[in-house]
Amino acid sequence: MEVNAVIAAGGQGKRMNSSISKQFLTIHGHPILYYTLNKFEKMSTIKTIVLVTGSDDMDYTQEEIIKRYKFKKIKMVEGGKERQDSVYNGLRKLSPQTDIVVIHDGVRPFVSIKLIENSIAAAAKFKAVGVAVPVKDTIKVVGNGNIIKTTPKRENLWAMQTPQSFNYDLIMDAYEKALCDGFYGTDDTVLVERMGLPVKVIEGAYENIKITTPEDIIFAETFVALGYGDFRR
């Protein structure tokens, strides 16, 4: 079984209020993207990593991430206008012999190798798998004028994360249908859902955060110090 990965790392850090792309911000001296890629690089299960990044960041990524840290499995591809376009570019770069593809956000460095392995194993069985955690807060659906319309049952609500893992042919079909329909989703699983196909959810980890705002850097520094997501200092 051939398993490959697509890492989406095209963010520009607008909500981070940073002059550099957020994946290059450092935690304890190393770029966020390094921590993420290092997990996949170490996994014997993963044959190839396709790293998707913005056109302005291609040279920097090659020199300061791939060459500096001596990553061997990585192929780079230029991203598109939206995340969905970027992931599609990455999927098309993979070998047609791919059986399972793991799609992950480059700025989720605290994913554990065990969670990635669990996602792959579930995809081999269910074909489409999302990682998520049960929400802790009460969620409200709010309408016009910020008036609450309804309160969904919390036990039915999960916050989606990555990795999301798929049978390669299935996710390519889902992406191509979305392209034909002009549909853009907020994650990869929704593209499979809209085809009327089931998506299995497995439990993720609350520390598997997506680093998006300045406050997240503070959490990230603490997580590294505590050894979350396979980190040891």
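Worth a mention:
- Exclusive hit being acidic (Asp, Glu) and assigned to a helix (DSSP H, G or I), set ASP169, ASP137, ASP187: ASP169
- Only one entry of THR36, THR61, THR98, THR48 meets the criterion of being hydroxyl-bearing (Ser, Thr, Tyr), at pLDDT 95 or above and assigned to a loop (DSSP other than H, G, I, E, B), and that entry is THR98.
- Selection within region 147-188: residues that are surrounded by 15 or more Cβ atoms within 10 Å (Cβ to Cβ) and of a type in the set (Phe, Trp, Tyr). The member of this set that is nearest to LYS136 (Cα to Cα) is TRP158.
- Only one of the listed residues (LYS136, LYS114) is more than 15 Å from the chain's Cα centre (by Cα), under 19 Å from ILE7 (Cβ atoms) and surrounded by fewer than 18 Cβ atoms within 10 Å (Cβ to Cβ). That residue is LYS114.
- Among the residues of region 142-173, the ones that are of a type outside the set (Phe, Trp, Tyr), touching a residue at least 12 places away in the same chain (Cβ under 8 Å) and either within 18 Å of VAL131 (Cα to Cα) or touching a Pro at 6+ places or on another chain (Cβ under 9 Å) (or both) come to 13 in all.
- Yes/no for ILE218 being surrounded by 14 or more Cβ atoms within 10 Å (Cβ to Cβ) and either aliphatic (A, V, I, L, M) or touching a strand residue (DSSP E or B) at 6+ places or on another chain (Cβ under 6 Å) (or both): no
- Qualifying positions in region 111-129 - in contact with a helix residue (DSSP H, G or I) (Cβ under 9 Å, 6 or more places away or on another chain), part of a helix (DSSP H, G or I) and farther than 13 Å from ILE46 by Cβ: LYS114, LEU115
- Qualifying residues in region 140-166 (those that are among the basic types (Lys, Arg) and not in a loop (DSSP other than H, G, I, E, B)) - the one nearest to GLN84 (Cα to Cα): ARG154
- Scan of region 46-65 for residues that are surrounded by fewer than 18 Cβ atoms within 10 Å (Cβ to Cβ) and of a type outside the set (Lys, Arg), ordered by number: SER55, ASP56, MET58, ASP59, TYR60, GLN62, GLU63, GLU64
- Total residues in region 192-215 satisfying the condition of being out of contact with any strand residue (DSSP E or B) (no Cβ under 7 Å at 6 or more places or on another chain) and hydroxyl-bearing (Ser, Thr, Tyr): the figure is 2.
- Subset of region 45-81 (residues that are within 15 Å of GLY10 (Cα to Cα) and out of contact with any helix residue (DSSP H, G or I) (no Cβ under 9 Å at 6 or more places or on another chain)): SER55, ASP56, MET58, ASP59, GLN62, LYS81
- Residue ID - surrounded by the most Cβ atoms within 10 Å (Cβ to Cβ), chosen from residues in region 67-82 that are among the basic types (Lys, Arg) and at pLDDT 95 or above: LYS73
The values are calculated or read from the model by the stated rules, or taken from the named source; none is laboratory data. Bear in mind that the values here come from a model prediction, so they are computed numbers and not experimental data. Glycine gets a Cβ as well: all are built from the backbone with ideal geometry, and neighbour counts include every protein chain shown.
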